[in-house]
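**Q** One structure is given below, represented as structure tokens, and several questions about it will come after.
The values are calculated or read from the model by the stated rules, or taken from the named source; none is laboratory data. The shown structure was predicted, so the numbers you read here are calculated from the model rather than taken from an experiment. Here the Cβ positions follow ideal geometry from the backbone for every residue, glycine too, while neighbour counts run over all protein chains shown. To get the accessible areas, we keep the full protein, side chains included, count just its heavy atoms, and leave off ligands, DNA and RNA. Shrake-Rupley method; radii C 1.70, N 1.55, O 1.52, S 1.80 Å.
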Amino acid sequence: MALEASLDIHPSVAAAPWRSPTAESPAVKWTLIGVALAFLGFFLVLPLVAVFVEAFRSGVGVYFEALVEPDAVAAIRLTLLVAAIAVPCNLVFGLAAAWAIAKFEFKGKNLLITLIDLPFSVSPVISGLVYVLLFGSQGFLGPWLARHGIEIVFAVPGIVLATIFVTFPFVARELIPLMQEQGSGDEEAAISLGASGWKTFWLVTLPNVRWALLYGVLLCNARAMGEYGAVSVVSGHIRGLTNTMPLHVEILYNEYSFSAAFAVASLLALLALVTLSIKSFLEWRHADGLKAVRGH
Amino acid sequence: MPAAVLPRLKQQSVVPGFGPALGFTLFYLSIVVLIPLGALALRAAGLGWSDFWQLATDPRTLAALRLSFLASLGAASINVVFGLLLAWVLVRYDFPGRRLVDAVIDLPFALPTAVAGIALTSLYAPNGWVGQVLTPLGFKVAYTPLGVIVALTFVSLPFVVRTVQPVLQDLDRDVEEAAATLGATRRHTFLRVVLPALLPALLTGYALALARAVGEYGSVIFIAGNIPYVSEIAPLLIVIRLEEFNYAAATAVAALMLGVSFTMLLIINLIQAWSRRRFGHGA
């Protein structure tokens, strides 16, 4: 007290609230927050709200009618089928790639990591096109496939392949950095104690990476169910047969059945919201198990 | 034979399974990615140089490529500014709902592009919520190149935020304190101390956003109106050529775009290598 009095602080200085020299004034701070939130609200939240408003514009009856109509049901079923094949394929691949890359030192590793990420830098349309060039009637293998009566392009196998292509890196890229960080000490200990390779994998490695694995599968699944560009190129758009949910949305929209289009779209938006919720939950509760995930 | 080759290829390890794991990885990678991309490269090479050049310099192709790149540059530029702002606000400030805002940023990654496309179109169409306000002011967004920029801004929004955020988080506050102690104003500190440290992350985010935007298809085709020479993007032109069974033209445009994508991938890797040398961390 005595010290304060003896310092004789000028009243105007004493009255000003203390501010850290590395912080902005409240006015600047709240302006920045305001502008950031306005941008986000306008560009992200508004379109999301629009999906649900448009879906219910013609009433709840029309909404549910659009979802139980046979073509919509077929599209939902196909989307689930495609994801049910594509996601496990990429899951097994991700585990194998991460095991090889994280647990061993070998030449060409960096090139391999770059190649695994490659599908992310390819336009979805090109992801579909490559399969048409390979398996289509004018493609390299087209005549041979036609002679044997095998349909890939403009049929379900093509849709599955294109989906696998666009979702190829998701699981691998979550697992590789984490498993590299964890090293192979745990596995070496298990094996030196007499565990078999499989046992080590199931009881040591898998529990160590389970949250990152779930995270990768979650993102992989969201993309697999929502992919439009690649699938649209190889699908052939046959209603009830090769139409996935995003393609069904497009067809309804182009026929001016807006409410039905947005009704099906709202299911996909709901999937996106569930994906984001689980993703945030994992980042919040299991940050340690995802450690290397941040910042991709 | 493997016993003779593998020890030189890889270092010894007691952990088993290298052979099967790498074998399966390479097999699957080849089947799904490398052989199909190789088929495209082979097709493009099979066109011959003069045919390829003719297809690549077709005025409609050039117009589509120009629109794709200019609109992507515009969208990536918008997202560099607002991405930096969002990353700054999320890392430095605490406010109610911050965790929710952080989660919402990834919406463009999770929302299927076709859904984003029809939602944006319904908003920006002349009778939509936003279109109603903008049209009387003389701004036509839907069915014009402006609409392309809006859609690309949406899909490439998370990239800059997500590359800058972790770098900003790890940035040492000491250097800012030192700058303040030495008499620098807050603005000065930001421009001369913080911004240079964030530069590699900003560049990486910019390149990632650009790469994503150039190839984007689903969200754009609904809002663009797709008028040849005006609002037709390059990926759409590939689809149109394919529907005309003009595989040669589709291949030429695709090969051009792929070449550009891989160049950008290389640039991103170079930025990150440079950043690791200069700042000791990847962007």
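**Q** With solvent modelled as a 1.4 Å probe, how much accessible area in total do chains A and B shield from it at their shared surface, in Å² to the nearest 100?
**A** For A against B, buried area totals roughly 8200 Å².
**Q** Accessible area of chain B with a 1.4 Å probe: how many percent of it is carbon plus sulfur?
**A** On chain B, the fraction of accessible area on carbon and sulfur atoms equals 67 percent.
**Q** I've got another one for you. Hey, can you find the accessible area per residue of chain A for me, probe 1.4 Å, expressed in square angstrom?
**A** Computed with neighbouring chains in place, this is 46 Å² per residue.
**Q** Also, I was wondering about something else. With n ≥ 4 as the cut-off for DSSP H runs, can you work out [θ] at 222 nm for chain B, using -39500 (n - 2.57) per run divided by the number of residues, rounded to the nearest 500?
**A** Helix-only estimate at 222 nm: -23500 deg cm²/dmol.
**Q** Shifting gears a bit: Could you order B:W274, A:W18, B:W49 by accessible surface area, starting with the largest, using a probe radius of 1.4 Å?
**A** From most exposed to least exposed: A:W18, B:W49, B:W274.
**Q** To continue, here is another question. Among the trypsin sites (Lys or Arg not before Pro) within segment B:199-283, which fall in a DSSP loop and have no more than 16 other Cβ atoms within 10 Å of their own Cβ?
**A** Counting only loop positions with at most 16 other Cβ atoms within 10 Å, none of the trypsin sites (Lys or Arg not before Pro) in segment B:199-283 qualifies.
**Q** To continue, here is another question. Projected onto the charge dipole of the protein assembly as shown (+1 at Lys/Arg Cβ, -1 at Asp/Glu Cβ, origin at the Cα centre), which of B:A249, A:W284, B:P108 gives the Cα projection farthest towards the positive end?
**A** It is B:A249, whose Cα lies furthest towards the positive end.
**Q** Alpha carbon centre of segment A:140-157 versus segment A:25-88: separation in Å?
**A** 36
**Q** Another question, if that's okay. Just to verify a number: FRET efficiency for B:N246 and A:A146, C-beta to C-beta distance, R0 = 22 Å, to 0.05?
**A** 0.60
**Q** Right, next: I need the helices of chain B that pass two filters: whole DSSP H segments spanning 24 Å or more by Cα along the axis, and mean Kyte-Doolittle score no lower than -1.0.
**A** Qualifying helices, which must be both long enough and hydrophobic enough, are B:59-92, B:195-215, B:247-279.
**Q** Continuing with this model, one more query. Angle check, please: helix A:258-285 long axis (alpha carbons) against the longest principal axis of chain A (alpha carbons), in degrees 0 to 90, nearest 10.
**A** Its long axis makes an angle of about 50 degrees.
**Q** Name the residue farthest towards the positive end of the dipole of the protein assembly as shown from the options A:L67, A:F106, A:L32, assuming +1 on Cβ of Lys and Arg, -1 on Cβ of Asp and Glu, about the Cα centre.
**A** Looking along the dipole axis, the top candidate is A:F106.
**Q** Also: Of all GluC sites (Glu not before Pro) in segment A:167-273, which ones are in loop regions per DSSP and have a Cβ with at most 13 other Cβ atoms within 10 Å?
**A** Hits after loop and neighbour filter: A:E255.
**Q** Which angle between 0 and 90 degrees, to the nearest 10, do you get for helix A:46-55 versus the longest principal axis of chain A when only C-alpha atoms count?
**A** Between the helix axis and the principal axis of chain A, the angle is about 50 degrees.
**Q** For the protein assembly as shown, just list the percent of Cα-Cα distances falling in each 20 Å bin from zero outward, please.
**A** The percentages, shortest bin first, are 19, 51, 26, 5, 1, 0.
**Q** Given contacts defined as C-alpha pairs under 8 Å and at least six residues apart, what's the relative contact order of segment B:128-252, whole-number percent?
**A** RCO, segment B:128-252: 35 percent.
**Q** Here's a follow-up. Please report the relative contact order for chain B, taking Cα pairs under 8 Å with a sequence separation of at least 6, and give it as a percent rounded to a whole number.
**A** 27
**Q** Of all accessible surface on segment A:225-296 at a 1.4 Å probe, what whole percent is carbon and sulfur?
**A** The value for segment A:225-296 is 61 percent carbon and sulfur by accessible area.
**Q** Take a quick pass over the protein assembly as shown and tell me how many lysine pairs come in under 15 angstrom between Cα atoms, counting only ones 8 or more apart or on separate chains.
**A** Eligible lysine pairs with Cα atoms under 15 Å apart amount to 4.
**Q** Moving to a separate point now. If you count, for every residue in B:32-45, the Cβ atoms of partner chains within 10 Å of its Cβ, what is the mean?
**A** That works out to 6 on average.
**Q** Okay, next question. Leaving ligands, DNA and RNA out of it, report the carbon-plus-sulfur percent of the accessible area of segment A:127-206 at a 1.4 Å probe.
**A** 63
**Q** Please compute the contact order of chain A in relative form: average sequence separation of alpha-carbon pairs under 8 Å and at least six residues apart, divided by the residue count, as a percent.
**A** 28
**Q** If you don't mind, another one. Jot down the radius of gyration and Dmax of segment B:54-157, Cα atoms only, both in angstrom.
**A** Answer for segment B:54-157, Rg first and Dmax second: 16.6, 58 Å.
**Q** Still on this model: How about segment A:23-122: which GluC sites (Glu not before Pro) there are in a DSSP loop, with at most 16 other Cβ atoms within 10 Å of their Cβ?
**A** Loop-located and lightly packed - A:E105.
**Q** Nearest 10 degrees is fine. How inclined is helix A:26-40 to the longest principal axis of chain A, computing both from alpha carbons?
**A** With both axes taken from Cα atoms, the answer is about 10 degrees.
**Q** Turning to a different aspect of this structure: Counting only heavy atoms of protein chains, what accessible area per residue, in Å², does chain B have with a probe of 1.4 Å?
**A** Normalised by residue count, the accessible surface of chain B is 44 Å².
**Q** Moving on to the next point. Take the eigenvalues of the Cα gyration tensor for chain A, scale each by 5, and report the square roots as semi-axes in whole Å, largest first.
**A** That gives 45, 34, 17 Å for the three semi-axes.
**Q** In a solvent-free Debye calculation with one equal scatterer on each Cα, what is log10 I(q)/I(0) for segment B:117-176 at q = 0.12, 0.17, 0.30 Å⁻¹, listed in the order of the q values?
**A** So the normalised log intensities are -0.46, -0.62, -1.14.
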